[in-house]
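The structure appears below as C-alpha cells.
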Amino acid sequence: QVQLRESGGGLVRPGDSLRLSCTASGRTSSNYAMAWFRQGTGPERDFVAAISGDGRSRNLLDTFGGRFTISRDSDTMYLQMNNLKPEDTAVYFCAARTNFGSLVPSEYPYWGQGTQVTVSA
C-alpha cells in the first residue's frame, strides 16, 4: 500500500510559477512510477506528466510547451509549473503505480487527495 500527499497549490496570477510536491510513503514507495493528473471543471482527470521509479524516464505532454517540468527525489515527486495560464486552473492529483508508462487514470491504483491550483488575475 502506498500513501500519497500533495502540496504546493495556491492562487497565483497569470505568468507566475508554482512547484507542486507529492510525497509517497508506504512499502517500497520509492520503486513506484508516479504521475501528475489534473481535473478542471469536468469529470475527467487529464494526464500531465509521469516519472519512473528511478527518475530516469519521464513523460510530459507537449501541450504544456515546456512550461512544466517533472522531477523526483526518492519518494518525493515535483511538478515545476512556469508561466501559468488561467486554463491551468485545476485540482492537481498525484498518482502511483508499479510500472512506468501509462497515461490512463484507471491504471493507477494509488491517488492523493489533490491540491488546488487557481490562476487568475
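Details
- Of the Cα atoms belonging to the chain, the radius of gyration and Dmax stand at 13.3, 42 Å.
- Among the chymotrypsin sites (Phe, Trp or Tyr not before Pro) within segment 50-86, not one is in coil by DSSP while having at most 13 neighbouring Cβ atoms inside 10 Å.
- Model label points for Phe64 and Val104, set 7 angstrom from Cα along the Cα-to-Cβ axis, are 2.2 nm apart.
- Under 5 Å, built H, 5+ apart or other chain: amide partners of Tyr110: Ala96
- Most fluctuating residue given options Ala90, Ala50, Ala35, as computed from a GNM of the chain linking Cα atoms under 10 Å: Ala90
- A Gaussian network model of the chain, with springs between Cα atoms under 10 Å, assigns the largest mean-square fluctuation among Pro43, Pro109, Pro14 to Pro43.
- Under a Gaussian network description of the chain, with springs only between Cα atoms under 10 Å, the residue in Leu18, Leu84, Leu61 that fluctuates furthest is Leu61.
- Full-extension gain in nm, Arg5 to Ser120, via 0.36 nm per residue minus C-alpha separation: 38.9 nm
- Across the chain, Cα pairs under 8 Å and at least six residues apart give a relative contact order of 36 percent.
Any read-out appearing in this document is the output of simple, stated calculations on the displayed coordinates, not a laboratory observation. Quantities reported herein were computed from a predicted structural model and do not represent experimental measurements. Heads up, the Cβs are rebuilt from the backbone with ideal geometry, glycines too, and the neighbour counts pull from every protein chain shown.
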